[in-house]
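Working notes, beginning with the structure itself.
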Amino acid sequence: MRWAGAAVLMALAAQVPAQNYPTKSIRLIVPLAPGGGNDTIARLIGQKISPTLGQQIVIDNRPGAGGIIGVELVAKAPADGYTLLLANAAVMSIVPHAQQKLPYDPLKDFAPVSLIASAPLLVVVHPSLPVRTMKELTALAKAKPAAINYASNGVGTGTHLATELYSMMAGVKMVHVPYKGLSLAMTDLLSGQVPLMFSSAVAMLPHVKANKLRAIAMTGARRSQALPDVPTVAETGLAGYEASSWYGVAAPAGTPRAIIERLNKEIVTVVKSKELQDRFNSEAVLPAGNTPEEFAAHIKREFERMGRVIRDAKIVLN
């Protein structure tokens with residue numbers, strides 16, 4: 001009886017902090033340097049949910065080791081809801097396949113809260129490449145194996161893996177030309193040195209509108225409102241194809257369910273608001289907002305899918 005009573009008291013004591021949560025500022029760790037898409041998403045969400053939570057969301061950029069430093073910090077933080085992670089596709093589904101002794105497990109060390117948004121890539125070609133659709137690109141690549149070069153932001157980046165996934169599903173062989181970042185790749189893409197790239201829609205849109213590049217597809221699960229006439233890769237014949245950067249919020253594993261539910265409610269409300277829906281759509285970003293279980297399933301699915309691409313394409317990550 002005494003043991004049973006103690007267990008009940010401990011359970012009740014654990015609920016009290018969750019019911020009063022939050023009572024102080026919350027730190028949202030961004031595992032990358034300020035200024036990029038991850039940082040923008042984090043600051044936007046933090047700014048919007050701070051008033052309803054009644055506490056400030058402090059954005060803490062912790063770059064280094066491909067994002068590992070920041071992610072490990074959250075994985076080892078107290079599971080009390082006051083240290084959160086701006087999770088992304090790279091640190092949760094790509095980086096884990098590059099490290100034999102990763103200091104965190106993306107599937108076990110975190111309590112997913114919600115997916116915020118996904119950012120599909122835009123498939124663009126230089127006008128010198130005689131294709132206007134993905135079907136034409138596939139036909140040309142099959143007719144001339146290893147004759148088409150494609151650019152990426154670097155080995156193992158989202159742009160690289162998205163193109164390799166297409167190549168595997170379409171049964172084509174193209175030549176990868178990795179660059180150290182988008183700006184260098186963009187220079188050769190615009191000059192026609194490399195005629196093809198799966199890349200950031202926001203970065204490519206001005207050049208598409210100026211007719212310097214031709215947009216032939218989006219890599220997301222659905223069309224973008226910013227480019228309603230551009231079909232998805234899946235629509236063009238590769239059913240099931242999808243490759244996007246994505247952003248979400250996760251807490252350390254073991255965080256009380258009540259805290260996860262409170263955070264989820266606030267984040268989903270903000271993501272579903274017309275203001276954020278309009279902003280995301282205008283930038284070719286697809287707003288999400290889902291349950292913790294759905295986000296957990298998304299992380300697991302992306303982790304396994306990117307692992308298969310890396311293994312099957314024999315990609316060696318540094």
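The values are calculated or read from the model by the stated rules, or taken from the named source; none is laboratory data. Fair warning: this is a prediction, and the values are worked out from it, not measured in the lab. Neighbour counts run over all protein chains shown; Cβ positions are idealised from the backbone, glycine included. We work out accessible area using only protein heavy atoms, side chains counted, and drop any ligands, DNA or RNA first. Shrake-Rupley method; radii C 1.70, N 1.55, O 1.52, S 1.80 Å.
Which FRET efficiency value, to the nearest 0.05, do you get for ALA221 and VAL177 by plugging their Cβ-Cβ distance into 1/(1 + (r/R0)^6) with R0 = 30 Å? Efficiency computed from Cβ-Cβ geometry: 0.60. Once the piece of chain linking LYS76 and ALA203 is laid out straight, how much longer is it, given 0.36 nm per residue of separation minus the C-alpha distance between them? Extra length from LYS76 to ALA203 when fully extended: 42.2 nm. Projected label points at GLN56 and LYS265, each 7 Å from Cα along the beta carbon direction, are separated by 2.5 nanometres.
Less than 13 Å Cβ to Cβ from GLU302, Lys/Arg counted +1 and Asp/Glu -1: what total charge do the surrounding residues give?
Numbers: positive: LYS300, ARG301, ARG305, ARG308; negative: GLU242, GLU294, GLU304.
Surrounding charge for GLU302 is +1.
Rolling a 1.4 Å probe over the protein heavy atoms of segment 192-318, with every protein chain left in place, gives an accessible area that is 51 percent carbon and sulfur. Take the Cα of LYS135, step 7 Å toward its Cβ, do the same at GLN100, and the gap between the two points is 4.8 nm. Local charge for SER50 was computed over the other residues whose Cβ lies under 13 Å away, with Lys and Arg +1 and Asp and Glu -1, and equals +3. Run the paramagnetic zone check for ARG301: 7 angstrom along Cα to Cβ, then residues of segment 217-240 with backbone nitrogen under 19 Å. 218-224, 232-240, by backbone N distance to the label point. Between ALA146 and ASN20, the distance separating the two model label sites (each 7 Å from Cα on the Cα→Cβ line) works out to 6.8 nm.
What does the net charge come to around MET174 if you take all other residues with beta carbon closer than 11 Å to its beta carbon, with K and R at +1 and D and E at -1?
Values: positive: LYS142, LYS144, LYS173; negative: GLU164.
After counting each charged neighbour, the total is +2.
For helix 37-53, report the angle its Cα long axis makes with the longest principal axis of the Cα atoms of the chain; keep it between 0 and 90° and round to the nearest 10°. Around 30 degrees separate the two axes. Compared with the dominant principal axis of the Cα atoms in the chain, helix 134-143 is inclined by about 60°.
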